[in-house]
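Only the coordinates and a few stated rules stand behind these numbers; no lab work does. Just so you know, these numbers come straight off a predicted model, no measurement behind them. Counting neighbours? That spans all protein chains shown, and the Cβs are built from the backbone with ideal geometry, glycine included.
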């Protein structure tokens with residue numbers, strides 16, 4: 001998790017308390033993404049946009065297109081995909097998330113709960129996309145998550161984004177800020193459109 005931490009003896013990382021592993025034990029088949037490589041994030045968002053566009057085109061061809069439904073498609077895709085990445089390494093996500101999220105910093109277990117919150121958002125959007133309660137909760141959760149990112153960026157602290165889980169290394173920057181605040185904005189927009 002913190003590749004800059006190196007030790008000649010076995011032990012734990014002083015930053016996250018994970019067990020240190022021998023560098024020779026790390027598989028050479030593991031693909032390491034460059035420090036400032038946004039490719040994984042671009043691919044994931046592009047796929048969500050492609051799915052959103054395809055469903056909206058189908059709606060348009062059937063004469064049932066609506067902006068609210070298009071936003072709903074995107075939000076469902078976003079929450080499903082991003083929760084899935086986090087769930088692949090729940091422990092690693094919780095460790096990373098606790099370094100910048102306002103709630104997870106104070107209540108570590110929130111990092112274990114958060115991916116399930118996103119999954120519940122995705123499923124709930126399928127059935128209750130125009131629920132004011134659901135959209136309000138999404139707005140608050142994403143806003144709080146974005147505030148944690150904003151504080152880290154303002155302090156100019158460097159750390160890894162946990163938004164795509166732990167095996168895809170995406171740097172936490174203004175892109176993550178746009179992601180969190182963007183989802184909060186979409187929830188707010190849905191409230192206005194309803």
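Odds and ends about this structure:
- Shape of region 37-193, Cα gyration tensor, a/c cut at 1.5: prolate
- Among 124, 68, sorting on how many other beta-carbon atoms sit within 10 Å of each Cβ, with the fewest leading, yields 68, 124.
- With the simple spin-label model, which puts each label point 7 Å out from Cα in the Cβ direction, the residue 108 to residue 154 separation comes to 2.7 nm.
- Among 114, 38, 97, sorting on how many other beta-carbon atoms sit within 10 Å of each Cβ, with the fewest leading, yields 38, 114, 97.
- Sequence of 137, 192 once ranked by neighbouring C-beta atoms within 10 Å, starting from the fewest: 192, 137
- Length-normalised contact order for region 37-193 - Cα pairs under 8 Å, 6+ apart - percent: 27 percent
- Length gained on full extension, residue 133 to residue 120: 3.3 nm, using 0.36 nm per residue less the C-alpha separation.
- Inter-label distance, nm, simple model (7 Å from Cα along the C-beta direction), residue 64/residue 91: 4.5 nm
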